[in-house]
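Here is the structure we will look at, set down as structure tokens.
The values are calculated or read from the model by the stated rules, or taken from the named source; none is laboratory data. Please read these numbers as outputs of a predicted model, since none were measured by experiment. When we count neighbours, we look across all protein chains shown, and the Cβ atoms used for this are built from the backbone with ideal geometry, even at glycine.
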Amino acid sequence: MFSRYKFEKINMNNKELLQQENSKVHQEVIEANATYAESFGEKSNLALPPSRKFAILTCMDARLDPAKYAGLSEGDAHVIRNAGGRASDDAIRSLVISHKLLGTAEWFVIHHTDCGMEYFTDEIIRDLLAKSLSTASVDENGWKNVTEEGGSNEAKHISFLTISNQTESIIDDVKRIKSHPLVPSYIPVYGYIYDVKSGKLIEIPEATKVGRAN
Ligand SMILES: [Zn+2]
């Protein structure tokens, strides 16, 4: 189950190393932004509403770049991201604003293969957090805390919206969006899974069927 994880990355828990790494990243981001802003050019004239009038709800996974996999430029579309690309209350809040005030007229829900949300349950993450807030480690036996100090039981109030079956989660999320009282029935919602091994978007026909405009 955990074999596809890059252990050396997720097991990074030495605080010193983490702080050094953060400071390097901090600097890199600021430098990258300076370069980006140098050739900002015409983008300063972009309108606030997305010009291609659509929105994508997708996972925060670092391997997914919606601008690349869906061919977006600045100003084209709304991209709403969270863990799993789930239709949480907050994702729906954004989609409602996206249509009602900013004119998007079709929405994509895009989950992906090998999603981190398939590798734990509410119970697992609640137990881990109850004992420690530090990054946990994972191996073939599952997750475990590296230290056990300073945890919190607050996670029992959070539904983490984990995924046990990608096809079902896509259909559930499209259904939830389509049946929401603040979502007009004329908005089509398309359901796809992004394959992290090929970069391809694979349609989930049942989700798109549930999500069709009417
Ligand atoms: Zn994911």
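For segment 82-99, the criterion of being modelled with pLDDT of 95 or more, touching a Gly at 6+ places or on another chain (Cβ under 6 Å), within 14 Å of the ligand (Cβ to nearest atom) and outside the structural domain of GLU154 (by TED's automatic domain parsing) is satisfied by no residue at all. Of the residues making up segment 195-214, those that are in contact (Cβ under 8 Å) with a residue 40 or more places away in the chain and farther than 14 Å from PHE108 by Cβ are ASP195, VAL196, LYS197, GLY199.
Could you please let me know if ASP173 is among the acidic types (Asp, Glu), in the same structural domain as ASP90 (by TED's automatic domain parsing) and in contact (Cβ under 8 Å) with a residue 60 or more places away in the chain? Against the criterion (among the acidic types (Asp, Glu), in the same structural domain as ASP90 (by TED's automatic domain parsing) and in contact (Cβ under 8 Å) with a residue 60 or more places away in the chain), ASP173 qualifies.
Looking only at residues in segment 182-214 that are under 21 Å from the mean Cα position of the chain (by Cα) and of a type in the set (S, T, N, Q), the one that is surrounded by the most Cβ atoms within 10 Å (Cβ to Cβ) is THR208. Can you name every residue in segment 194-210 that is in a loop (DSSP other than H, G, I, E, B) and either among the aliphatic types (A, V, I, L, M) or not assigned by TED's automatic domain parsing to the domain that holds ASP114 (or both)? Of everything in segment 194-210, those that are in a loop (DSSP other than H, G, I, E, B) and either among the aliphatic types (A, V, I, L, M) or not assigned by TED's automatic domain parsing to the domain that holds ASP114 (or both) turn out to be VAL196, ILE204. Could you tell me whether any residue of segment 40-48 is surrounded by 11 or more Cβ atoms within 10 Å (Cβ to Cβ), over 30 Å from ILE125 (Cα atoms) and within 16 Å of the ligand (Cβ to nearest atom)? Scanning segment 40-48 turns up no residue that is surrounded by 11 or more Cβ atoms within 10 Å (Cβ to Cβ), over 30 Å from ILE125 (Cα atoms) and within 16 Å of the ligand (Cβ to nearest atom). Being part of a helix (DSSP H, G or I) and surrounded by 18 or more Cβ atoms within 10 Å (Cβ to Cβ) is the filter here, so list the residues in segment 158-174 that pass it. Passing the criteria: GLN166, SER169, ILE170, ILE171, ASP172, ASP173, VAL174.
Please specify each residue of segment 100-119 satisfying the condition of being assigned to a loop (DSSP other than H, G, I, E, B) and either within 12 Å of the ligand (Cβ to nearest atom) or among the hydroxyl-bearing types (Ser, Thr, Tyr) (or both).
Initial filter on segment 100-119 (assigned to a loop (DSSP other than H, G, I, E, B)): 101-105, 113-115, 119.
Answer for segment 100-119, where residues must be assigned to a loop (DSSP other than H, G, I, E, B) and either within 12 Å of the ligand (Cβ to nearest atom) or among the hydroxyl-bearing types (Ser, Thr, Tyr) (or both): THR104, THR113, ASP114, CYS115, TYR119.
As a summary of the residue check, VAL79 satisfies the conditions (1) more than 14 Å from the chain's Cα centre (by Cα); (2) farther than 22 Å from SER164 by Cβ; (3) surrounded by 15 or more Cβ atoms within 10 Å (Cβ to Cβ) except for the one numbered (1).
Residues are listed down the side, and each one gets a yes or a no for (1) part of a strand (DSSP E or B); (2) modelled with pLDDT of 95 or more; (3) in the same structural domain as LYS100 (by TED's automatic domain parsing):
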position: GLU21; (1), (2), (3): no, no, no
position: ILE30; (1), (2), (3): no, yes, no
position: ALA37; (1), (2), (3): no, yes, no
position: ALA62; (1), (2), (3): no, yes, yes
position: LEU72; (1), (2), (3): no, yes, yes
position: ASP76; (1), (2), (3): no, yes, yes
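Sub-6 Å Cβ pairs linking a first residue in segment 97-124 that is closer than 16 Å to TYR186 by Cα to a second residue that is more than 13 Å from the ligand (Cβ to nearest atom) and basic (Lys, Arg), at least 6 apart or interchain, are GLY103/LYS53; THR104/LYS53; ALA105/LYS53, ordered by first then second residue.
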